[in-house]
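Read the figures in this text as sums done on the coordinates, not as results from a lab. Everything quoted here is computed from the prediction, not taken from an experiment. Positions of Cβ are backbone-derived with ideal geometry, glycine not excepted, and every protein chain shown enters the neighbour counts.
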Amino acid sequence: MSELYTAEFRKIMQVNDDYTSMRSNRIEEIMNFARGANFERIGIAHCITFSYEAQLLEQYFSKYFDVYTIDCKYGRLPKKNILGGESKRIMCNPAGQADYLNHKNTDLNISMGLCVGHDMIFSKKSEALVTNLFDKDFTNNNNPSKAISDIEAML
């Protein structure tokens, strides 16, 4: 099983072991990890719904890193340009978000509230490591863990 861990993966595991703590919240954990890994640039790819939170996060991380934020409507691509048809509705652009941050040479990207599927595309296209700060959940005030209680009640 240990052969699954490349040198890069072992480094990530070591930084986690050395710099994270169960006494820290998720944002502190990301900060500690990034500082422990000697990262210089952090990207934040966020849903436009969370623009305010992304600004707060940018201010917080800017104490130690160059921070680049990019919202999901980056490039303002009409739906017809991605999926065809005639709709002029502006689509989310997770591949564009990753491309933007790739060009900024980020060391770590934070996925913040991206839709299901969009988060997958963003993670797959990102050249930097990606971590999720939180996930979008329309019915549970962006707390997907609440859905476990709902599922449990149905079983």
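Just one of the listed residues (140, 132) is without any contact (Cβ under 8 Å) to a residue 40 or more places away in the chain, closer than 22 Å to residue 25 by Cβ and assigned to a loop (DSSP other than H, G, I, E, B), namely 140.
Please indicate, with yes or no, whether at least one residue in the stretch 3-25 is surrounded by fewer than 18 Cβ atoms within 10 Å (Cβ to Cβ) and touching a residue at least 24 places away in the same chain (Cβ under 8 Å). Explain how you work it out, then say what you get.
Initially, the stretch 3-25 is screened for residues surrounded by fewer than 18 Cβ atoms within 10 Å (Cβ to Cβ), giving 3-14, 16-25.
Remaining after also requiring touching a residue at least 24 places away in the same chain (Cβ under 8 Å): 11-12.
Yes, the stretch 3-25 contains at least one residue that is surrounded by fewer than 18 Cβ atoms within 10 Å (Cβ to Cβ) and touching a residue at least 24 places away in the same chain (Cβ under 8 Å).
Restricting attention to the stretch 26-51, the residues being within 20 Å of residue 118 (Cβ to Cβ), free of Cβ contacts under 8 Å to residues at least 60 places away in the same chain and either among the polar types (S, T, N, Q) or not in a helix (DSSP H, G or I) (or both) number 1.
Looking at this structure, is residue 38 closer than 19 Å to residue 104 by Cβ and surrounded by fewer than 12 Cβ atoms within 10 Å (Cβ to Cβ)? Talk me through it step by step, then tell me what you get.
Details: closer than 19 Å to residue 104 by Cβ: yes; surrounded by fewer than 12 Cβ atoms within 10 Å (Cβ to Cβ): yes.
Judged against the criteria, residue 38 is a match.
Per-residue answers, yes or no, for (1) free of Cβ contacts under 8 Å to residues at least 40 places away in the same chain; (2) in contact with a Lys or Arg (Cβ under 6 Å, 6 or more places away or on another chain):
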| position | (1), (2) |
| --- | --- |
| 58 | yes, no |
| 68 | yes, yes |
| 78 | yes, yes |
| 83 | yes, no |
| 88 | yes, no |
| 94 | no, no |
| 98 | no, yes |
| 112 | no, no |
